[in-house]
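What follows is one structure encoded as structure tokens, with my remarks underneath.
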Amino acid sequence: MFRTLRIAAALVVLLVVAVGAWQAKRRIASWEIPLRAVVYPIAGDDSPVTRAYVDQASLKTYYPVERFLAEEAGRYEVKTKFGDPLRIRVAPEVKALPPPPPKGAGVLDVVWWSLRLRWWAWQADTYGGPPADVQLFVVYHDPALTPELEHSLGLEKGRIGVVNAFASDAHAGANNVVIAHELLHTLGASDKYDLRTAQPRFPDGYANPGADPVHPQRFAEIMAGRIPVSKTEATMPPSLNATLVGEVTAREIAWLR
Ligand SMILES: [Zn+2]
């Protein structure tokens, strides 16, 4: 009898969680109210350069991401009832590192890691305000110690992003490109580049696939991440000013129906 009750209670909890997740997904996809994203700065190493950068990180650091989403939503005529589509808040620094993704890509490893990441994100939460729709953990590295960053990621399940960024003003624009890319992953947008070559895919990874001539492109499609300058070459956009949301991405995040 007691065992049956326990199983019933567990099922009710699971049902409530599933219904809650479904409702949140529907609310976000309707774009009726602004999306709330919380950024959590994290020092990825002990360097004084990183320390200084994390200490000064503020709303101003991430404001270009808000503006980018507002401008692009405007191009697709998406309007929330309460102004801009994205509101970013900055949480106090998180003094722990997220669990690293598994090296081998076994399905069970990935599932187990994504559950651990969600648990970690819940218990590492330093934000005092209303619960976030998207949690973005931005791990800063001193470029002198880490010239090449590990991959960043954005999970749709749980809506969590982990961004590896450079602790440097010179890289602030490029950091925000990665933050916007991972944020859109959490909303269901898919990558639009060739996984082997990192070259943007034609046509969905091109900001302006109808241009004539098609190369060089002036902008990067945000989910392709690079500006195709020829069939085989692409450059990193220095900031979100050189980046657009393409039509396929717009469809994936429910800006186009
Ligand atoms: Zn991606």
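Tell me, VAL54, VAL16, VAL214, VAL162 in order of fewest to most beta-carbon neighbours within 10 Å?
Details: VAL54 19, VAL16 10, VAL214 15, VAL162 26.
The most exposed by this proxy come first: VAL16, VAL214, VAL54, VAL162.
Say each of TRP122 and SER230 gets a label point 7 Å from the Cα, pointing the same way as Cα to Cβ; how far apart are those two points in nm?
Placing both labels 7 Å beyond Cα along the Cβ direction yields 5.2 nm.
Decide, for the stretch 118-257, between rounded, prolate and oblate: order the square roots of the alpha carbon gyration tensor eigenvalues as a ≥ b ≥ c, take rounded if a/c falls under 1.5, and otherwise choose prolate if a/b is larger than b/c, else oblate.
oblate
On alpha-carbon atoms, Rg over Rh for the chain using Kirkwood Rh?
0.99
How high is the FRET efficiency between MET1 and HIS151 when r is their beta carbon distance and R₀ equals 51 Å, given to the nearest 0.05?
Efficiency for this residue pair is about 0.50.
Can you sort GLU148, GLU221, GLU71 by how many other beta carbons sit within 10 Å, fewest first?
Working: GLU148 7, GLU221 29, GLU71 14.
Placing the least packed residue first, the sequence is GLU148, GLU71, GLU221.
Suppose the chain between LYS95 and ALA18 were pulled fully straight at 0.36 nm per residue; how much longer would it get relative to their current alpha carbon spacing?
Value of the extension gain: 24.7 nm.
Taking 7 Å along the Cα-to-C-beta vector as the label spot, tell me the ARG251-ALA8 distance in nanometres, rounded to one decimal.
Roughly 4.7 nm, to one decimal.
Could you please rank ARG87, ARG257, ARG51, placing first whichever residue has the fewest other Cβ atoms within 10 Å of its Cβ?
ARG257, ARG51, ARG87
Please give the calculated 222 nm ellipticity per residue for the chain, where each DSSP H segment of at least 4 residues contributes -39500 (n - 2.57) and the sum is spread over every residue; nearest 500 deg cm²/dmol?
About -12000 deg cm²/dmol.
Every number in this text was worked out from the coordinates using simple rules, so none of it is lab data. Nothing here was measured: the structure is a model prediction, and the numbers come from that model. In this analysis, Cβ positions are derived from the backbone assuming ideal geometry, glycine residues included, and neighbour counts consider all displayed protein chains.
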